[in-house]
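The values are calculated or read from the model by the stated rules, or taken from the named source; none is laboratory data. Predicted model, so just to flag it, every value in this text is computed and none were measured. Because the Cβ atoms are built from the backbone with ideal geometry, glycine has one as well, and the counts that use them run over all protein chains shown.
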Amino acid sequence: MVAFPYYDTGAIGALKTQADVLLDLFLSRGYAREEPSVLQPAEIFVDRSGEEIRRRTFTLMDPSGRDLCLRPDLTIPICREAVLVNRTFPARIAYNGLVFRHQPGEPQRPTQFFQAGVELLGLEDRAAGETEILSLAIAALRVAGLKDFSLRIGDLALFGALVDALALPRQWRFRLKRHFWRAGYVESLLYWLGHGDSLGDGASRLPGDRAEIEALLEKQGDAPLAGRTREDIIARAMDRAAEARTLRLDPVVADAIARLLDISGPADAAMAQIRSLLKTAGINLDPQLAAMDARLATLASLGVAPGAVQFTAHFGRNMEYYTGFVFELWARDREGPVQVAGGGRYDTLLETLGAKQPVSAIGCAIRTERVLAAKEAA
């Protein structure tokens, strides 16, 4: 996307007018505006935002030696502030401000852009919260003047529940869920668990004996050992390999899960495919499927045509703090398809930021410059 023309008085005025309309809508729904500091502690993004955002974050050091960054996202700073001030929940928070992201290899793309959005924190009725945020996201695009858009939805909780139903040790289930983001990794690991040493893609079996592990370490050269000795690393790798050799999944179950991750298409058809695969694998995820049915019913009640909703099983957006239902709204500008908004559920984020108890959370961010470009192209 071409950078927004901040030198153009008319474009700046249109962007401000659109922002005012969005903020008025948010306020009418009970969302009060906040403005987190542009400079944020860099460490709060390290383990929470995901590699895609981490590598695009502008970092600096202040005169006292603190590592800071220009905010690449507004959700984390808003949640951090809610924890610091011991906010009463539920809390409904709106925002509109600049975020900053490096665009490696793409100098034509903007390194700063506006986001307007909302965060709903601490509402225990999760279904009601999802309905509220979905309806607000769609209303925001419509009140801004964008009528033609489609949705892409997914649910990390569906995959998490599926993994938790497997007869695997807790650390292996955690490994599968943690690496959900890595394209092809989960599928290869599932194939190996179901079919033995071959990973199904031409890769060799996992290294298990001392000589193989030492050979891998030699290839790493002088790579840092993260405070551990060479012997510690070798012993730990051998223990994991020995444990892995004892693990097996029913090949039918492993293949069904891998096939489920490939499902992508119209939401109604996708849900039918998922139900069929789960039946084949003998896994019951009725609560998660019922939740997705409710979301689709909500979208239908909001006037979103069923054909405009796509479900993608292997979809978690590019923020690692998401834990459940996720969604993106897409339109078209003069250059083609463009994501204009997105959000989802992130029920563990506030705890990682210091909250003393779990806080349910869901939100949505709108790329206002893209909305403006999509309207102009309509």
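Quick notes
- Every condition in (1) in contact (Cβ under 8 Å) with a residue 60 or more places away in the chain; (2) not in a loop (DSSP other than H, G, I, E, B) holds for Q339 except the one numbered (1).
- Checklist (1) outside the structural domain of R80 (by TED's automatic domain parsing); (2) modelled with pLDDT of 95 or more applied to M1, failing item: (2)
- Unique match (being at negative phi, assigned to a helix (DSSP H, G or I) and in contact (Cβ under 8 Å) with a residue 60 or more places away in the chain) among A127, A94: A127
- Residue, surrounded by the most Cβ atoms within 10 Å (Cβ to Cβ), within region 20-49, restricted to residues that are within 19 Å of L98 (Cα to Cα) and among the aliphatic types (A, V, I, L, M): L22
- Applying a threshold of 6 Å to beta carbon distances and a minimum spacing of six or more residues, or different chains, the list of pairs starting in region 349-374 at a residue that is within 13 Å of G122 (Cβ to Cβ) and ending at one that is crowded, with 23+ Cβ neighbours inside 10 Å and of a type in the set (D, E) reads G363/E119.
- Cβ-Cβ under 9 Å pairs, at least 6 apart or on other chains, region 290-319 side in the same structural domain as I53 (by TED's automatic domain parsing), far side part of a loop (DSSP other than H, G, I, E, B) and among the polar types (S, T, N, Q): N318/S49; M319/S49
- Residue check, A157 surrounded by 16 or more Cβ atoms within 10 Å (Cβ to Cβ) and either among the aromatic types (F, W, Y) or more than 16 Å from the chain's Cα centre (by Cα) (or both): no
- For region 247-267, the candidate set comprises residues that are without any contact (Cβ under 8 Å) to a residue 60 or more places away in the chain and touching a strand residue (DSSP E or B) at 6+ places or on another chain (Cβ under 9 Å); within that set, the residue that is nearest to A281 (Cα to Cα) is I263.
- Of the residues P72, P110, the single one that is part of a loop (DSSP other than H, G, I, E, B), closer than 25 Å to V340 by Cα and under 19 Å from the mean Cα position of the chain (by Cα) is P72.
- Count of region 297-326 residues which are surrounded by fewer than 18 Cβ atoms within 10 Å (Cβ to Cβ), in contact with a helix residue (DSSP H, G or I) (Cβ under 8 Å, 6 or more places away or on another chain) and part of a helix (DSSP H, G or I): 3
- Only one of P104, P63 that is assigned by TED's automatic domain parsing to the domain that holds Y322, exposed (fewer than 13 other Cβ atoms within 10 Å of the Cβ), assigned to a loop (DSSP other than H, G, I, E, B) and without any contact (Cβ under 8 Å) to a residue 24 or more places away in the chain: P63
- Failed criterion for L146 (all others in (1) at pLDDT 85 or above; (2) surrounded by fewer than 21 Cβ atoms within 10 Å (Cβ to Cβ); (3) assigned to a loop (DSSP other than H, G, I, E, B); (4) over 22 Å from the mean Cα position of the chain (by Cα) hold): (2)
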